[in-house]
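First comes the structure, then the notes that go with it.
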Amino acid sequence: MELRQLKVFEAVAEHRTVTDAAVALNLAPSSVSQQIRALETALGVALFVRSSKGMVPTSAGQRLRRWARSLLDTAEQAVRDVRTERLRLRLGALETLAGSHVPVVLTRLAERRPDIDVDVRSDRARQGLFTDVIAGRLDAALLLDAGEDVGGLGFPTPAEPLTFVDLDPVPLALVAAPTHPLAGRAELSPADLDRERLLVNVPECSFWMAGDRILGAGPERVRAGGVTVMRAWAEHGLGISLLPHFAVADSLRAGTLIRLGLPLPDLSLRLVWREDRETLPGLRDILYAAVRPYAHGSLPRGEEDGPGPRAGAVLTSEPDARRADVGY
């Protein structure tokens with residue numbers, strides 16, 4: 001069994017067809033098929049079955065896939081170590097967070113881990129981040145979440161085990177135009193908002209999901225668009241909107257929006273990575289270097305062993321070409 005065979009196997013398992021895997025690897029389809037047959041012969045088991053959904057891993061293939069990811073990751077780390085290259089963290093982030101929270105995280109890493117380089121890639125949808133984390137193209141990803149498990153906010157998660165640490169609270173604000181009838185109420189309950197128009201983006205949006213958790217099904221959902229559009233519509237009295245405080249802080253200061261008096265929980269800025277990658281030398285310490293400074297006795301979930309050595313990073317950024325202001 002060779003590493004190149006495992007790389008081909010992983011590509012076929014991800015793309016589900018020999019043709020697509022060949023394109024991803026820049027190989028001829030016949031070469032991909034040959035590598036898969038050689039790997040199956042070496043192991044003495046069938047790794048794929050053909051179905052209407054393409055090449056589907058058998059139970060043996062599913063077990064090998066877990067090993068393949070770990071072995072390929074370890075081999076990549078070994079090459080870097082032998083070549084005495086600087087450590088590199090490949091970090092994904094929701095585009096919603098790229099201008100607000102990612103700079104803070106990068107600054108912490110730069111201060112605490114000067115021995116690493118950080119490549120940032122943003123994506124407008126969390127499923128794209130999950131795909132790249134599971135495939136090993138990203139070491140970790142920043143997203144918005146809630147609760148005690150990945151996906152507690154309400155979005156689907158991969159079948160593969162993930163682990164996480166919460167870096168920062170992300171306060172929410174329920175906002176409306178200053179002329180809104182509820183503007184003068186000091187305290188509101190979700191029931192007080194049942195007849196309101198709640199400006200939203202798409203069901204996959206973090207703030208749509210937060211609205212479902214906090215407000216229930218009562219308010220009418222009115223699809224507006226991304227964060228900028230929801231904020232503008234709220235300023236014009238077209239409805240109320242549940243948005244991150246950082247997105248409406250200027251409008252609140254200017255008086256074009258007011259906060260409604262409903263107590264709100266925070267979302268969490270959550271750093272997520274594949275559980276089996278914690279075995280890679282030093283990766284866990286690097287990831288925990290992104291955690292905000294906490295007072296003694298108030299460590300975030302998962303940080304009981306400390307955030308690792310303090311140090312910094314050389315930063316590069318590769319923003320996704322897709323539209324950023326989508327509010328996921």
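Cβ contacts < 6 Å: first residue without any contact (Cβ under 8 Å) to a residue 24 or more places away in the chain, restricted to region 62-79; second residue among the hydroxyl-bearing types (S, T, Y), any location; separation 6+ or different chain. Result?
Between residues of region 62-79 that are without any contact (Cβ under 8 Å) to a residue 24 or more places away in the chain and residues that are among the hydroxyl-bearing types (S, T, Y), there is no close pair.
Which of (1) exposed (fewer than 15 other Cβ atoms within 10 Å of the Cβ); (2) under 14 Å from the mean Cα position of the chain (by Cα); (3) modelled with pLDDT of 95 or more is the odd one out, the single condition R137 does not satisfy?
Against the list (1) exposed (fewer than 15 other Cβ atoms within 10 Å of the Cβ); (2) under 14 Å from the mean Cα position of the chain (by Cα); (3) modelled with pLDDT of 95 or more, R137 comes up short only on (3).
Only one residue in R231, R277, R284 is surrounded by 15 or more Cβ atoms within 10 Å (Cβ to Cβ), part of a helix (DSSP H, G or I), touching an Asp or Glu at 6+ places or on another chain (Cβ under 7 Å) and free of Cβ contacts under 8 Å to residues at least 60 places away in the same chain, so which one is that?
R284
Quick one: which strands (runs of 3 or more DSSP E) sit completely within region 37-119 and have at least 2 residues that are buried (at least 19 other Cβ atoms within 10 Å of the Cβ)?
87-94
Here are some conditions: (1) basic (K, R); (2) farther than 22 Å from E14 by Cβ; (3) at pLDDT 85 or above. R63 meets all but one. Which one does it not meet?
For R63, the failing item is (2).
List every residue pair whose Cβ atoms sit under 8 Å apart, with the two residues 6 or more apart in sequence or on different chains, where the first one lies in region 1-26 and is outside the structural domain of A135 (by TED's automatic domain parsing) and the second, anywhere, is among the basic types (K, R) and surrounded by 15 or more Cβ atoms within 10 Å (Cβ to Cβ).
Taking only residues 6 or more apart or on different chains, the pairs are F9/R65; E10/R65; E10/R69; A13/R65; L25/K7.
Of the conditions (1) surrounded by fewer than 16 Cβ atoms within 10 Å (Cβ to Cβ); (2) touching a Ser or Thr at 6+ places or on another chain (Cβ under 6 Å), D166 fails just one. Which one is it?
Tallying (1) surrounded by fewer than 16 Cβ atoms within 10 Å (Cβ to Cβ); (2) touching a Ser or Thr at 6+ places or on another chain (Cβ under 6 Å), D166 fails exactly one: (1).
Taking the condition assigned to a strand (DSSP E or B) and either assigned by TED's automatic domain parsing to the domain that holds A254 or in contact (Cβ under 8 Å) with a residue 24 or more places away in the chain (or both), does L198 pass?
It is true that L198 is assigned to a strand (DSSP E or B) and either assigned by TED's automatic domain parsing to the domain that holds A254 or in contact (Cβ under 8 Å) with a residue 24 or more places away in the chain (or both).
The values are calculated or read from the model by the stated rules, or taken from the named source; none is laboratory data. Just so it is clear, the structure is predicted and the values come from calculations on it, not from any experiment. With ideal geometry, Cβ positions are generated from the backbone for all residues, glycine too; neighbour counts draw on all protein chains shown.
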